[in-house]
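Scroll down for the structure; my scribbles are underneath it.
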Amino acid sequence: FSEAQQASLYVAHQIANLINEKEKQGKPAVLGLATGNTPKGVYQELIRLHQNEALSFKNVISFNLDEYYPILPDDQQSYTYFMRQFLFKHVDIKPEHTHIPHTDFSEEGIAQYCQEYEDKIESLGGLDLQLLGIGRNGHIGFNEPGSSFESKTRLVHLNSVTREDAKAAFGSMDKVPQKAISIGVDTISKAKKIILLALGKRKSDIMKLAIHGDVTTQVPASILQTLPQAEFVLDHGAAGEIK
Ligand code: F6R
């Protein structure tokens, strides 16, 4: 798409169509959601569709990709806070239908917690649609370079590029958490539909590698090349020289 706005509308309308279709079937729409700058325009359009065109989220069940560890849900840098601000508080989604990894507990309980997160997704028949952004290092969720394609929800270490990009939000590098809980590459790969949205010139180098480079764990997003249900949605900035 020539503009970020058009790309965002396209993605929002795909999500809205899925929600409406599932509602007609009397089934929940199970959405995998992302945070960060990229999906903000998508969420804005979904809010508009809710307010002006009767799109309802009452049948939506959502699972977020990731959350910093440790962080309190009310912390303004937490993804729980982000989702509330940029989507949930503006639509009729039931709070008990929203899932974001909780990370305000000690490391001991994490493995079990992560397994339960996976189980919950599976018990609902898996994710109908996973929305992704991409890190400048090729991460999807917080699956940093080197993450196994078989990985599941787990505690991860954030890499220096990711922490550098989070610095502005946290104010200084020492405030950026070292770890996060992220759903795995395998968890993402099992979604029935995957949309990776990339906007702006700063993503053009990594998009070239993700789309045309080798399929390698060094560029976690490259796995999407092998998945027929995956779609890359780019604006001209992110597409750069990709033809
Ligand atoms: C966010 C997430 C990350 C971001 C990526 C891009 O939940 O999982 O993978 O999608 O870091 O972030 P932005 O959109 O801020 O450039």
How far is the Cα center of the stretch 27-87 from the Cα center of the stretch 177-243, in Å? 20 Å
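Going by C-beta contacts inside 10 Å, put H13, H102 in order with the fewest on the left.
Fewest-to-most Cβ neighbours within 10 Å comes out as H13, H102.
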Amide H contacts under 5 Å for Q218, placed H, 5+ residues apart: G146
How long is the gain from S2 to D74 if the chain were fully straight, where each residue apart is worth 0.36 nm and the alpha carbon distance is subtracted? 22.2 nm
Skipping prolines and chain starts, which residues have an amide H placed within reach, meaning under 5 Å, of the one on A29, given they are 5 or more residues away or on another chain? V60, I61
With +1 on each Lys and Arg Cβ and -1 on each Asp and Glu Cβ, how big is the dipole of the stretch 4-239 about its Cα centre, in debye rounded to the nearest 20? 620 debye
For the stretch 4-239, fraction of C-alpha pairs farther apart than 23 Å, in %: 46 percent
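Which order results if T38, T153 are arranged by neighbouring Cβ count within 10 Å, fewest first? Provide the component values of the computation, followed by the final result.
Values: T38 23, T153 27.
Lowest count first: T38, T153.
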What is the extension gain from E53 to R202, computed as 0.36 nm multiplied by their sequence separation minus the C-alpha to C-alpha distance, in nm to one decimal? 50.3 nm
Per the charge dipole of the chain (beta-carbon charges, Lys/Arg positive, Asp/Glu negative, Cα centre), the residue among Q112, P28, A12 reaching farthest to the positive end is A12
For T98, other-chain or 5+-apart residues with amide H closer than 5 Å (H placed, Pro excluded) are S62
Spelling out what I want: for every residue of the stretch 129-143, take phi, set θ = phi - 60°, compute 6.51 cos²θ - 1.76 cosθ + 1.60 (Karplus), and round to whole Hz; glycine and proline get x. 8, 10, 8, 10, x, 9, x, 5, 9, x, 5, 10, x, 10, 7
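Here, each number is a calculation from the coordinates, and none is a lab measurement. As the structure is a prediction and not an experimental result, all values here were calculated from the model. Every residue, glycine as well, gets a Cβ built from its backbone with ideal geometry; the counts of neighbours run over all protein chains shown.
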